[in-house]
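Please read the structure below before turning to the comments.
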Amino acid sequence: MEVKAPLAHNALNGPMTNVTLKYATRAVPRYTSYPTAPHFDVGFGADIYAEWLQSVDPLVPISLYLHVPFCQSMCHYCGCYTKITKKEKPLQDYADMLVREIALVASKLPDQQLVSHIHWGGGTPSILPRDAFLRVVDVVKAHFTFTSDIEHAIELDPRTVNPDLAQTLHLAGINRASLGVQDFDLKVQEAVGRVQPYAIVKASVEALRAVGIEEINLDLMYGLPHQTRETIRNSIDLTASLNPTRLALFGYAHVPWMKKHQRLIKEELLPDAQERIALFDDACQALADYGFEKIGLDHFAKSDDPLAIAAREGSMRRNFQGYTTDEADILIGLGASSIGKMPQGYIQNSPDFGGWVRSVEAGELPIARGLAMDDDDRARAAIIMSIMTAYQVDIAMVAKDFGVNLDAIRASSYGYLDELIADGVATREGDLVCVTHEGRPLVRLVAAAFDAYLHKGKGRHSVAV
Ligand code: SF4
């Protein structure tokens, strides 16, 4: 796939804007997994997960995800699973428990399993005290063998980054860092409860580069209160001046029925659907002007970046962190609430902190929910992955590959596509389904046509644009 154009940069008053507007407020999943997390089964047993772990091939590299669900303060827009602490003891205790969980999971896997990707997310993983963070890294190194080209990535809050932390990250072997920027405008930052002036972000980037961490992603957000086309353009200018290798531009998902603290964001200050589209379009155009290629729904990279290359070569994947070059079929989630993926299905650790601790202390895998995929799930997951990453899919070929009934997929999904096809969002020639260039901002809706769970009523999702 080639994603050179600055994405569906709609003429703002053109017919496609009306189409985008028509669908913009429809709620659909982000499809970082299929089936999506609300459909995982609470009756799923840890014994099944243990069997899955025991079947892993030691020679095929896997990925690890380490979740640290703590932050120093709550950003009003936060959609993550995290809790606030200013004390060190809970962080030290958490690291101790994480160490025990790593050893527990490793004991079910082949000895010295190969690992090619590690991702620290949260929360704010860098909130762990230096000794606690390095303790966890040492245990990971003791139980797993790293490939020579391992990507060891971490999400960072720029407000926590200083030269000491950068040194610690370097010592731990971190080679990619994602910094949450969201927007540089002070009024926007105040409205979302996260004030971090440009100078702080710049100093963070410089501290990381000073220790040799060159792969730096900056995460931006559109759809925030007080954001205007002028402020977002200014934020892109400042972002580009920091010369990141990759960028993400996420739409703020206002879901106060799920995330109560989002009530601190005044709804009347949020841009409406039309303004959201304009903000996104302007930001995309500004990023294109700076030479960033659009990757999938919401990522950007320079043309020589591995993610841009993977997108062009068709090897890009989508996982819980978004678009990725990580091709491993196995992702082991570690830490409270983390989600893992195996060829057999999905597993989620207990989001209940006490439950997670009790299970680990008892020497049991701390699983709260999971889902064993059947052939229909696998076929639809492949279809949705292809739509989300390559904007096209041959349904007949996928049905053949997975040995599922093609007529059943056609019957359950093609009807949902008709309206999107009529509106120019997608095309279908026989069983070849494509998202049109103009329809790309609505790619989640095309994917949703193949989601067999979506109409079963579980889960409320964020808006499509
Ligand atoms: S730092 Fe990130 S995880 Fe923590 S509250 Fe803010 S947005 Fe949420």
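Throughout, read-outs are computed from the coordinates displayed, never taken from laboratory work. Because the structure is predicted, anything quoted here is derived from the model rather than measured. Glycine also receives a Cβ, built like all others from the backbone with ideal geometry; neighbour counts cover every protein chain displayed.
Among the trypsin sites (Lys or Arg not before Pro) in segment 17-76, those placed in a DSSP loop whose Cβ has at most 16 other Cβ atoms within 10 Å are Arg26.
Positive contributions from Lys and Arg (+1) and negative ones from Asp and Glu (-1), summed over other residues with Cβ under 12 Å from the Cβ of Ala153, come out at -2.
Normalised by residue number, the volume inside the convex hull of the Cα atoms of the chain is 136 Å³ per residue. Pairs with C-alpha atoms separated by more than 23 Å, drawn from the list Lys187/Lys266; Lys83/Lys260; Lys89/Lys202; Lys141/Lys341; Lys89/Lys187, are Lys89/Lys202; Lys89/Lys187. Where only DSSP H runs of four or more residues are counted, the chain gives -11500 deg cm²/dmol as its mean residue ellipticity at 222 nm, each run worth -39500 (n - 2.57). Among Leu134, Leu371, Leu169, a tally of other beta-carbon atoms within 10 Å of each Cβ gives an order, fewest to most, of Leu134, Leu371, Leu169.
Counting charges near Ala372 (Lys, Arg +1; Asp, Glu -1) among other residues having Cβ under 13 Å from its Cβ returns a value of -4.
Using every pair of distinct Cα positions in segment 331-460, the Kirkwood expression returns a hydrodynamic radius of 16.5 angstrom.
A Cβ-based charge dipole, computed about the Cα centre of segment 36-333 with Lys and Arg at +1 and Asp and Glu at -1, lands at about 840 debye.
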